[in-house]
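Report on the structure given below.
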Amino acid sequence: MYDADHNRTETRVGQKDIKISCKDVQVYYGTNHAIKDVSVEIEDKTVTAFIGPSGCGKSTFLRCLNRMNDTIDIARIEGDILIDGEDIYDKRVDPVQLRAKVGMVFQKPNPFPKSIYDNVAYGPKIHGLAKNKAELDDIVERALKRAAIWDEVKDRLDASGTGLSGGQQQRLCIARAVATEPEVLLMDEPCSALDPIATGQVEELIDELRQNYSVVIVTHSMQQAARVSQKTAFFHLGDLVEYGETEKIFTNPQDSRTESYITGRIG
Amino acid sequence: MTDATASASPARGSSTRTKSIITTDANTRRRNRTEKRFQYYGLAAIGVGVFFLFALTFSILRSGLPAFTETAVTLDFTLSQEQFDEAESQVLKTAAYERFFVQELQAELNEEGAGDVQVEEDAISRIMGNVGSQIREFYRENPDRLGEEVSFSVPASSRVDRYLNGGLSRELLENSRFLTPEDLDIVDRLSESGVLTNVFDWDFITGTDSGVDNPGGAGLGASVVGSFFMMLVVLALSLPIGVAASIYLEEFAPQNKFTDLIEVNISNLAAVPSIVFGILGLAVFIQFANLPQSAPLVGGLVLTLMTLPTIIISTRASLKSVPPSIRAAALGVGASKMQSVFHHVLPLAAPGILTGTIIGLAQALGETAPLLLIGMVGYVARTYPDGLTSGLLDPNSAMPAQIYTWAARSDPAFYEKAWGGIIILLVFLLAMNAVAIFLRRKFERRW
């Protein structure tokens, strides 16, 4: 809770730019209306948490932000999602380019069954970010340092990424995501498969990442949302019920559903 | 049934709450008995399977191993230049060589202490076939060996071979027009004195097929080459086509009625009897496309049709077994669909694909029925192909087709050859399966 307090004072100081602007977003899975009329503005250099009970659509909405839902045949998305004022569902947008700008970390650590180095170097390689081996080495080192895992793996970059512990794997995945120099980082319950110690490390890391990125995190744990985020959005049954300063959501919710969820009566 | 017992047990449970768990109750005992009984059924099933496997292996080895040996007279022999010139000057040249052979054989017999046996040229002709021409052939090809001691291994006729290894009874042969009782006496004495012995018959593995009247000279070599060229065609066509089709269906194709139909049909094709593919091959490749009959190219094309569904099904299974999180990870860092498949999914699925392909090839290697219809069965493969084009387009046989041909011939000596052929075919199949297992063990990745 102390961390959250500390963060809040910071957010009040300067007005942040809007990074992602969503207006009247609808998502349908076949005939199932999964996301209803969601409008939300996500700030730059801020951690925004999506909370809500299982099946409320928070992960679905997160996956709209880098068009990962495109891979599901029956998913249909309506409404506008603008990143830096550009509609990401515009016909001219190639999702591949978008995903280089909007990185993603998944629920279960999913390193490629390759070496630690190759895991991190893969993104920069396919996007042509490095001209030569030395530059690539630099990018890998910087990404691993940013993900706070460099000291643990610097002596065994050739070892397999799948051989690391769960917390290390997740931080490797974060390194992989930041290696492509994204502007937004999406995290889909990044700590749900981790023990409390690894969770602490990843949460610390998320707070640091806020310096450079707009971070959107989906989480089941209200404590986690309170610890790491400055803004919180509460989803319920596909609706965005309430969105605002994390402190306000947790101490003085406006909607009765939010209050019920936070106090543990639903969800 | 289960509902009834489930609802009954809580009621009983409340009355027996104080009962000790040290003594097992009737219900538990009954369940344990059922479990034990099921284990015995399983063991019995495995036992029957193992028994049949052993019976099969034993009967194949017993019937097939004699095909790898032949009865032959091994004789050290020195022919001088003068003797050669003299023989070549005669009208009946091979008879002259045969005379030398008989003289040497008689000398050998005298040395071995079996001098009472008198070998004659007529009897030797019946027992050994045309010995003279074999010797003449050798010296005409290797004139520099004249005057040196040369070790000749001259095979006896297949009837003598089968007589000595118990395949043919003496009564049967005495009544035939091929051998007289006196010949058989000579054979017995030659065998006893160690002049006529069993030697390994390399020609069976490397040689070509013989006509219907000469089972002793039949070899599987040419049809091994035929099978090899067919497998080349099958591999070159079915692997790329099968893998491309699987990747498209598994990773790219939209889920609709049309792709459902294709999927159902692929599964159905895997179950189509192979003779259907044979008649399809006859109609399409030979009658319509005018490709040559009995050619390994056509055989390979037909077997490709047969192997494709197997490869597609196993490739799709191994693509499916790659966790979706890997695809998501690749897409998440901005890889395109194509990059995620070729950089991540395909390498992880490769061991499974290879295993499926090798097993598909092994199936194709043992397939006979389609080859019946395109003319590979019954073709007497007397020559080796020279080069790739000839290997693909010239008529040839294939291992299973050759075995079928031998089994269908009337001379019982071919029956033994068929069993021997089965051993060679099984060795190839086992080797391929071993490679498949090795690859799977070496490259399989676990999550």
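Work out the FRET efficiency for residue B:149 and residue B:57 from their Cβ-Cβ distance, taking R0 = 45 Å, and round it to the nearest 0.05. Please list the in-between numbers first.
On the way: r = 43 Å, r/R0 = 0.95.
Efficiency, rounded to the nearest 0.05: 0.55.
Carbon and sulfur together cover what percent of the accessible area of the protein assembly as shown at a 1.4 Å probe radius?
Details: 20150 of 35720 Å².
The nonpolar share, carbon plus sulfur, comes to 56 percent.
Along the Cα→Cβ direction, 7 angstrom out, place labels at residue A:204 and residue B:48. What is the inter-label distance in nm?
If labels sit at residue A:204 and residue B:48, their model points lie 6.5 nm apart.
Which of A:30, A:230, A:71 sits farthest toward the positive end of the charge dipole of region A:12-262, with +1 on the Cβ of Lys and Arg and -1 on the Cβ of Asp and Glu?
Result: A:71, furthest along the dipole toward the positive end.
Roughly how many Å² is the accessible area per residue of region B:32-81, as a whole number, for a 1.4 Å probe? Mind dumping the intermediate values first?
Values: 3480 Å² over 50 residues.
Per-residue value: 70 Å².
Just give me a number: lysine pairs in chain B, eight or more positions apart or cross-chain, with C-alpha atoms less than 25 Å apart. Let's see the in-between values first.
On the way: B:257/B:320; B:257/B:337; B:320/B:337; B:320/B:442.
Qualifying lysine pairs in chain B: 4.
Would you tell me the mean number of C-beta atoms belonging to other protein chains that fall within 10 Å of each C-beta in A:98-105, as a whole number?
Details: counts 1, 7, 3, 1, 2, 3, 6, 2.
Per residue, the number of nearby Cβ atoms from other chains is 3 on average.
Of all beta bridges DSSP finds with both residues in the protein assembly as shown, what is the antiparallel percent, to the nearest 5? Provide the component values of the computation, followed by the final result.
Numbers: 37 of 55 bridges.
Of the beta bridges lying entirely in the protein assembly as shown, close to 65 percent run antiparallel.
Take every Cα pair under 8 Å in chain B that's 6+ residues apart, average their separations, divide by the length, and report that relative contact order as a whole percent. Let's see the in-between values first.
Numbers: 554 pairs, mean separation 81.3, N = 447.
In percent, rounded to a whole number, it is 18.
Total Å² of accessible surface buried at the B-A contact, 1.4 Å probe, nearest 100? Could you put the intermediate results ahead of the total?
On the way: alone 24650 and 12660 Å², together 35720 Å².
Chains B and A together bury roughly 1600 Å² of accessible area.
Round to the nearest 10 and give me the degree value, 0 to 90, for the angle of helix B:346-365's Cα axis relative to the longest principal axis of chain B.
With both axes taken from Cα atoms, the answer is about 40 degrees.
Listed here are the pairs A:58/A:114; A:101/A:231; A:145/A:248; A:45/A:133; which of them are more than 24 Å apart at the Cα?
Values: A:58/A:114 31 Å; A:101/A:231 21 Å; A:145/A:248 34 Å; A:45/A:133 31 Å.
Result: A:58/A:114; A:145/A:248; A:45/A:133 exceed 24 Å.
Could you give the dipole magnitude of chain B about its Cα centre, charging the beta-carbon of Lys and Arg +1 and that of Asp and Glu -1, in debye to the nearest 20?
Value, rounded to 20: 5140 debye.
Taking H as built 1.01 Å from N, whose amide H comes closer than 5 Å to the amide H of residue A:115, not counting residues under 5 places away?
A:161
What does the structure give for B:332-345 when I average, per residue, the other chain Cβ atoms found within 10 Å of the residue Cβ?
Details: counts 16, 19, 19, 8, 6, 4, 1, 3, 2, 0, 0, 5, 4, 0.
The mean count of partner-chain Cβ atoms within 10 Å per residue comes to 6.
Can you tell me, using C-alpha contacts under 8 Å and at least 6 residues apart, the relative contact order of chain A as a whole percent? Walk me through the numbers before you get to the answer.
Working: 515 pairs, mean separation 75.5, N = 267.
After rounding, I find 28 percent.
Zone of residue A:183 (label point 7 Å along Cα→Cβ, backbone N under 13 Å): which residues in region A:50-90?
A:82-88
Taking the 0 to 90 degree range and rounding to the nearest ten, how far is the long axis of helix B:26-64 tilted relative to the main principal axis of chain B, both from C-alpha atoms?
20
Please give the Cα centre distance for region B:91-113 versus region B:228-287, rounded to the nearest Å.
62
By how many nm would the segment from residue B:393 to residue B:122 grow when fully extended, if each residue of separation counts as 0.36 nm and the alpha-carbon distance is taken off?
On the way: separation 271, 0.36 × 271 = 97.56 nm, distance 4.43 nm.
The residue B:393-residue B:122 span can extend by a further 93.1 nm.
Of the listed peptides A:104-115, A:188-199, B:265-276, B:29-40, what is their order by residue-averaged count of other C-beta atoms within 10 Å, with the highest listed first? Don't skip to the end; give the middle numbers.
Values: A:104-115: 21.8, A:188-199: 18.0, B:265-276: 13.6, B:29-40: 10.2.
Taking the mean over residues of other Cβ atoms within 10 Å, the ranking is A:104-115, A:188-199, B:265-276, B:29-40.
How high is the FRET efficiency from residue A:90 to residue A:237, r the C-beta distance, R0 30 Å, rounded to 0.05? The partial results should precede the final answer.
Details: r = 29 Å, r/R0 = 0.98.
The pair residue A:90/residue A:237 has a calculated efficiency of 0.55.
Using a 1.4 Å probe and ignoring any ligands, DNA or RNA, find the accessible area of residue A:160 and quote it in Å² to the nearest 10.
50
Consider a paramagnetic label point 7 Å from the Cα of residue B:276 along Cα→Cβ; state which residues of region B:291-307 have an amide N under 17 Å from it.
B:302-307
Quick one: Cα centre-to-centre distance for region B:391-405 and region B:303-352, in angstrom?
36
I'd like the accessible area for residue B:200: 1.4 Å probe, protein heavy atoms, all chains in place, Å² to the nearest 10.
Counting only protein heavy atoms, residue B:200 exposes about 100 Å² to solvent.
Apply 1/(1 + (r/R0)^6) to the Cβ-Cβ distance of residue B:85 and residue B:283, taking R0 = 60 Å, and write down the FRET efficiency to the nearest 0.05. Before the final figure, lay out the partial values.
Values: r = 61 Å, r/R0 = 1.02.
Rounded to the nearest 0.05, the efficiency is 0.45.
Excluding residues fewer than 8 places away in the same chain, name every one of the aspartates and glutamates whose C-alpha is closer than 18 Å to that of residue A:23.
A:37, A:41, A:43, A:44, A:78, A:80, A:84, A:86, A:87, A:90, A:239, A:242
Between B:361, B:67, B:220, whose Cα lies farthest towards the positive end of the dipole of the protein assembly as shown when Lys and Arg beta carbons carry +1 and Asp and Glu beta carbons carry -1, centred on the Cα centre?
B:361
Karplus couplings for region B:390-407 from phi (6.51 cos²θ - 1.76 cosθ + 1.60, θ = phi - 60°), rounded to Hz, Gly and Pro as x?
Rounded to whole hertz, the list is 5, x, 7, 9, 6, x, 8, 10, 10, 3, x, 5, 5, 4, 4, 4, 5, 5.
Quick one: Debye curve from the alpha-carbon atoms of the protein assembly as shown only, equal weights, vacuum; give me log10 I(q)/I(0) at q = 0.05, 0.06 Å⁻¹ to two decimals.
Log10 I(q)/I(0), no solvent term: -0.49, -0.63.
Roughly what % of Cα-Cα distances in region A:140-202 sit above 16 Å, to the whole percent? Walk me through the intermediate numbers first.
Working: 835 of 1953 pairs.
Distances greater than 16 Å cover 43 percent of the Cα pairs.
5 Å is the cut-off here: which amide hydrogens, built 1.01 Å from N in the peptide plane, fall below it relative to residue A:218, excluding neighbours closer than 5 in sequence?
Here the answer is A:50, A:187, A:188, A:189, since their amide H atoms fall under 5 Å of that of residue A:218.
Treat every Asp and Glu Cβ in chain A as -1 and every Lys and Arg Cβ as +1, leave all other atoms uncharged, and give the resulting dipole magnitude about the Cα centre to the nearest 20 debye.
Values: 33 positive and 42 negative charges, 89 e Å.
Taking the Cα centre of chain A as origin, the dipole is about 420 debye.
What does the average come to when, for each residue of peptide A:60-68, you count the partner chain Cβ atoms lying within 10 Å of its Cβ?
Numbers: counts 0, 0, 0, 1, 0, 0, 3, 1, 3.
Rounded to a whole number, the mean comes out at 1.
Using the crude model of +1 on Lys and Arg Cβ and -1 on Asp and Glu Cβ, and no other charge, please compute the dipole size for the protein assembly as shown relative to its Cα centre, in debye to 20.
Values: 67 positive and 87 negative charges, 922 e Å.
With only Lys, Arg, Asp and Glu charged at Cβ, the dipole is about 4440 debye.
The values are calculated or read from the model by the stated rules, or taken from the named source; none is laboratory data. Predicted model only: the values in this text are computed from it and were never measured. Heads up, the Cβs are rebuilt from the backbone with ideal geometry, glycines too, and the neighbour counts pull from every protein chain shown. Note: accessible area is taken over every heavy atom of the protein model, side chains too, but ligands, DNA and RNA are not part of it. Shrake-Rupley method; radii C 1.70, N 1.55, O 1.52, S 1.80 Å.
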